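Every number here is computed from the coordinates shown, using simple stated rules; none is lab data. Just so it is clear, the model here is predicted, and its values are computed rather than measured. When we count neighbours, we look across all protein chains shown, and the Cβ atoms used for this are built from the backbone with ideal geometry, even at glycine.
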Ligand code: PMP
Ligand code: GLU
């Protein structure tokens, strides 16, 4: 068929594909250890489900306002003010079908043809594809294992050209699990502001931080930074609501209006009763989040201990999100080969680093049970020993 080349050139999301393959193999009776999906294994907390069910029963089954229910936008603005020290008005919040949709809207609205979007690598694999579809050009700045897989202000500066328009920041990071310290983020944001870049700060993993590390909201660093920052967040990760498809961004009103118009012609508002669940998530008790984070932390420590005990693998200590991103260069295999052989020989599903911009790494999600991690590590140990 004669397809639009921007769309025809998109590879399908490998995180979703690995997860689908692992699930299909498990359904066919294979004993799979899945580390693929970046998806909490917990169910959505009961009070959130209850609020959505109540909304359904009360007939909240019609279209919601395109930008989201005002009560939810107010709850989001309140959350951003109290937890993140970000002073957005509810009108500056646009609710969408997941943070992925928010990001897509943002890149569509910001990128003119050929505009450069600077993306620290390793990166979440959907950023470059979204930028390309929007007509922009992703420019990568690489963080090394030696620098904790983070980028430096000098490297960022070196990547900036007259076409640079946007800097993407994602701390805590998918896939690396690393978190930028406040001063590190401030130094990067300073460079961005000096060069007139907008900052898209994807803060979806902000609640998942460990070892006493804190997640910093980029927009809270200074009034100048705030003006140029677009804050993205969602419900999928903190409240185990991946299937609800609910996310949002807050930013300059002009951008919100542009994205709102785009959304009004593409998807309209997200699911109405899901939005009532979102209100309950933000306004309700937060101890459910703390409990999930505590469980992730236990898994993280165990996984990291096992990974770093293996010959041929090294792994930066993850302090955020729910991913570990070991370097596998010492095994002599590139990431696609490593992941394919591990799945075939030991039925362990991991995501190759290549589409994250790091072919010498693979990603393990530890949003799965400790028993799964234990069994998966036993299998991985066997696999790596055979390679030696
Ligand atoms: N940003 C990052 C870094 C992610 O890992 C994900 C994956 N879920 C998203 C955004 C999008 O999440 P959702 O669309 O489920 O809100
Ligand atoms: N973001 C998660 C991941 O990286 C879920 C899948 C996706 O949307 O990419 O695994």
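See the values below:
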item	result
Length-normalised contact order for the chain - Cα pairs under 8 Å, 6+ apart - percent	23
Mean Cβ count within 10 Å, highest first, over the residues of peptides 249-259, 225-235, 307-317	225-235, 249-259, 307-317
For the chain, calculated [θ]222 nm from helices alone, where every DSSP H run of n ≥ 4 adds -39500 (n - 2.57)	-13500 deg cm²/dmol
Relative contact order, percent, region 157-249 [alpha-carbon distance under 8 Å, six or more residues apart]	26
Cα pair distances exceeding 13 angstrom across region 46-100, given as percent	68
Cα centroid separation - region 20-84 against region 207-226, whole Å	24
Relative contact order computed over region 44-155 (Cα-Cα under 8 Å; 6+ residues apart), in percent	16
q = 0.10, 0.12 Å⁻¹, region 246-388: log10 I(q)/I(0) [Debye, one scatterer per Cα]	-0.52, -0.68
Highest-first arrangement of 95-105, 332-342, where packing means the average Cβ count within 10 Å	95-105, 332-342
Inter-label distance for residue 1 and residue 301, nm, one decimal - labels placed 7 Å from Cα along Cα-to-Cβ	5.2
Cα gyration tensor shape of region 200-273, rounded if a/c is under 1.5, else prolate or oblate by comparing a/b with b/c	oblate
Most to least packed among 368-374, 167-173 [average Cβ atoms within 10 Å]	167-173, 368-374
Cα shape, region 1-104, gyration tensor, a/c 1.5 rule	prolate
Hull shadow area, averaged, region 61-170 [alpha-carbon convex hull, nm²]	8.9
Distance in nm between pseudo-label sites at residue 46 and residue 294 (7 Å out along the Cβ direction from Cα)	1.7
Radius of gyration, Dmax [region 135-198; alpha carbons; angstrom]	11.6, 33
Centroid-to-centroid separation of region 86-116 and region 149-182 [C-alpha atoms, Å]	18
Using a Förster distance of 45 Å, the FRET efficiency for residue 82-residue 262 (Cβ separation, nearest 0.05)	0.95
Spread of Cα-to-Cα distances over 10 Å intervals beginning at zero, given as percent, for the chain	5, 23, 33, 26, 11, 1, 0
Shape call, region 75-132: gyration tensor on alpha carbons, a/c limit 1.5	prolate
Value of Rg to Rh for region 308-388 (Rh from inverse mean 1/r over Cα pairs, i.e. Kirkwood)	0.92
